[in-house]
Ligand SMILES: Cc1ncc(COP(=O)(O)O)c(C=O)c1O
């Protein structure tokens, strides 16, 4: 690692890191400016000086300075050098704010993220403003633990209309994203004597660990192209199951109709509970979205939806439809955990949905994601990456199988060296040794124009990894990111 004191901040670059050198430099300068360590007007070292201090080629520093100037962080003038810009850029620069928290990659295929630059700021701000300005004094008291009454009514109507759910406002509970919804469900299950919960293998990171932390035993059931292997449920004597029927994560499988029926039959026969993770079903590419499973068995399915994919994770808004027999327990748990979700945001969401802004946003976002989806599939088909592409029907990611002999971690590492962020699928398995080598590629947050180049570089990385065979990587290179 080379580092240097320059203009009172320590800048450093790490050649072994996953991020590009330019990305590291940009990231550190943005953070220093946003954090106030570099104040407006401060003159930065010339590109030549900084390059020499850090042992970089001058071109890397010039490109980083140019990028930051384009974002308003820096101002470059001939003769007076490069200075920190006058106005705080975070206000003007919305598109890349999330990069402040993550190393920058030239091509970022992180799954699980929508395009945050599409967030309908103006409409959302108007709804928030309206909700804050119009809330009557009693509405500023602690809310009903299930959530604001208007928000529950509007969301129940939306879920009935858009997801074919059997939704009653009385059984709807607002929560802080899917993450909290699952946590509440698991706590209620544990209270009621549930000990064994089946989960999909592979599945969304952290899912089974969070169940285990609550003292529940997890049973890991296989997933194939028809989704969860429902027939295995009996064998493990599961009392509840967590499943993403509309678009399994990360395989992208859609639960086949006969398995949906079998799953509901299992729940009825055994008295088991089904937790339905409906995180990104609104984005479907080959036909209308699959209706929610909850619509088939509202007495056995605890449905959880989230604003994280359709709007933005930062909202931390989610909603649960609870079987009537569980509603009081879930509401009591919500009361105990945090006394209810923030009511102004709930009312803003209600206005956003009821006024048609959510439908408008989805109508605008779907074609953008569809183009990225099609561009990604075309680029993968042209590339020599090899294996099949799974889970293409819906959502914001696909799973790409790698040739059996390729080492997944080496591909991820080689891709990062080429400025491409991809995620190995094995991170989503409890038993990663059982995972065939594969990548999970998100296309939600990468511009359409960058996809083909990103995939060409990825193909190069796969080629390199094949050549390298199964050479073991160092600990740092094997570090796995989670979604
Ligand atoms: C499969 C799956 N479910 C749910 C979520 C959303 O969680 P939350 O609503 O807590 O943001 C994610 C986020 O990445 C996910 O991948």
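Check 216, 174 and return the single one that is more than 10 Å from the ligand (Cβ to nearest atom), closer than 15 Å to residue 430 by Cβ and either surrounded by 19 or more Cβ atoms within 10 Å (Cβ to Cβ) or modelled with pLDDT of 95 or more (or both).
Answer to the selection: 216.
Filter the stretch 272-286 down to the residues that are more than 16 Å from the ligand (Cβ to nearest atom) and either crowded, with 17+ Cβ neighbours inside 10 Å or free of Cβ contacts under 8 Å to residues at least 12 places away in the same chain (or both) and list them by number. Give the derivation first.
Keep residues of the stretch 272-286 that are more than 16 Å from the ligand (Cβ to nearest atom), which gives 272-273, 285-286.
Passing the criteria: 272, 273.
Which ones in the stretch 233-255 are away from the ligand (no atom under 16 Å from the Cβ) and at pLDDT 95 or above?
238, 239, 240
Would you point out the residue of the stretch 185-213, among those that are under 15 Å from residue 250 (Cβ atoms) and either at pLDDT 95 or above or not in a helix (DSSP H, G or I) (or both), that is nearest to the ligand (Cβ to nearest atom)?
204
Can you find a residue that is closer than 30 Å to residue 278 by Cα, assigned to a loop (DSSP other than H, G, I, E, B) and touching a strand residue (DSSP E or B) at 6+ places or on another chain (Cβ under 8 Å) anywhere in the stretch 446-462?
yes
Could you grab the pairs with beta carbons closer than 6 Å, sequence gap of 6+ or different chains, first residue in the stretch 22-49 and assigned to a loop (DSSP other than H, G, I, E, B), second one crowded, with 20+ Cβ neighbours inside 10 Å?
Taking only residues 6 or more apart or on different chains, the pairs are 38/32; 38/84; 40/84; 42/84; 44/82.
Can you tell me which residue within the stretch 317-346, out of those that are in a helix (DSSP H, G or I) and in contact with a strand residue (DSSP E or B) (Cβ under 8 Å, 6 or more places away or on another chain), is surrounded by the most Cβ atoms within 10 Å (Cβ to Cβ)?
Filtering the stretch 317-346 for residues that are in a helix (DSSP H, G or I) and in contact with a strand residue (DSSP E or B) (Cβ under 8 Å, 6 or more places away or on another chain), the one surrounded by the most Cβ atoms within 10 Å (Cβ to Cβ) comes out as 334.
Of all residues in the stretch 163-184, which are in a helix (DSSP H, G or I) and more than 17 Å from residue 244 (Cα to Cα)?
169, 170, 171, 184
Among the listed residues 302, 376, which satisfies the condition of being within 16 Å of the ligand (Cβ to nearest atom), modelled with pLDDT of 95 or more and either in a helix (DSSP H, G or I) or closer than 25 Å to residue 226 by Cα (or both)? If you could, list the steps in order and put the result at the bottom.
On the way: 376 fails: within 16 Å of the ligand (Cβ to nearest atom).
Just one listed residue meets the conditions, 302.
So in the stretch 408-435, with the set limited to residues that are touching a helix residue (DSSP H, G or I) at 6+ places or on another chain (Cβ under 9 Å) and assigned to a loop (DSSP other than H, G, I, E, B), which one is surrounded by the fewest Cβ atoms within 10 Å (Cβ to Cβ)?
Per the stated criteria, the residue is 430.
Among the listed residues 140, 128, 182, which satisfies the condition of being closer than 26 Å to residue 212 by Cα and either crowded, with 18+ Cβ neighbours inside 10 Å or away from the ligand (no atom under 16 Å from the Cβ) (or both)? I'd like the intermediate steps shown before the answer.
Details: 140 fails: closer than 26 Å to residue 212 by Cα; 128 fails: closer than 26 Å to residue 212 by Cα.
Exactly one residue qualifies, and that residue is 182.
If you check every pair at least six apart or on different chains, which have Cβ atoms under 8 Å apart with a residue in the stretch 194-212 that is closer than 15 Å to residue 178 by Cβ first and a residue that is assigned to a loop (DSSP other than H, G, I, E, B) and more than 9 Å from the ligand (Cβ to nearest atom) second?
205/482; 206/482; 208/430
Go through the residues of the stretch 347-369 one by one and say whether even a single one is crowded, with 18+ Cβ neighbours inside 10 Å, touching a residue at least 24 places away in the same chain (Cβ under 8 Å), on the phi < 0 side of the Ramachandran plot and touching a strand residue (DSSP E or B) at 6+ places or on another chain (Cβ under 9 Å).
Looking through the stretch 347-369, at least one residue is crowded, with 18+ Cβ neighbours inside 10 Å, touching a residue at least 24 places away in the same chain (Cβ under 8 Å), on the phi < 0 side of the Ramachandran plot and touching a strand residue (DSSP E or B) at 6+ places or on another chain (Cβ under 9 Å).
Residues of the stretch 436-452 being under 18 Å from the mean Cα position of the chain (by Cα) and either surrounded by 24 or more Cβ atoms within 10 Å (Cβ to Cβ) or within 16 Å of residue 395 (Cβ to Cβ) (or both), which ones?
In the first step, residues of the stretch 436-452 are kept if they are under 18 Å from the mean Cα position of the chain (by Cα); the result is 439-447.
Selection gives 439, 440, 441, 442, 443, 444, 445, 446.
With the condition kept exactly as written, say whether any residue in the stretch 151-159 is in contact with a helix residue (DSSP H, G or I) (Cβ under 7 Å, 6 or more places away or on another chain), more than 30 Å from residue 418 (Cβ to Cβ) and within 16 Å of the ligand (Cβ to nearest atom).
The answer is yes; a qualifying residue exists.
Looking at (1) assigned to a loop (DSSP other than H, G, I, E, B); (2) within 16 Å of the ligand (Cβ to nearest atom); (3) surrounded by fewer than 19 Cβ atoms within 10 Å (Cβ to Cβ), which one does residue 314 not meet, given that it meets all the others?
Against the list (1) assigned to a loop (DSSP other than H, G, I, E, B); (2) within 16 Å of the ligand (Cβ to nearest atom); (3) surrounded by fewer than 19 Cβ atoms within 10 Å (Cβ to Cβ), residue 314 comes up short only on (1).
So residue 143 ticks every box in (1) closer than 21 Å to residue 351 by Cα; (2) over 21 Å from the mean Cα position of the chain (by Cα); (3) not in a loop (DSSP other than H, G, I, E, B) but one. Which box is left unticked?
With respect to (1) closer than 21 Å to residue 351 by Cα; (2) over 21 Å from the mean Cα position of the chain (by Cα); (3) not in a loop (DSSP other than H, G, I, E, B), residue 143 is out only on (3).
The values are calculated or read from the model by the stated rules, or taken from the named source; none is laboratory data. Please read these numbers as outputs of a predicted model, since none were measured by experiment. Positions of Cβ are backbone-derived with ideal geometry, glycine not excepted, and every protein chain shown enters the neighbour counts.
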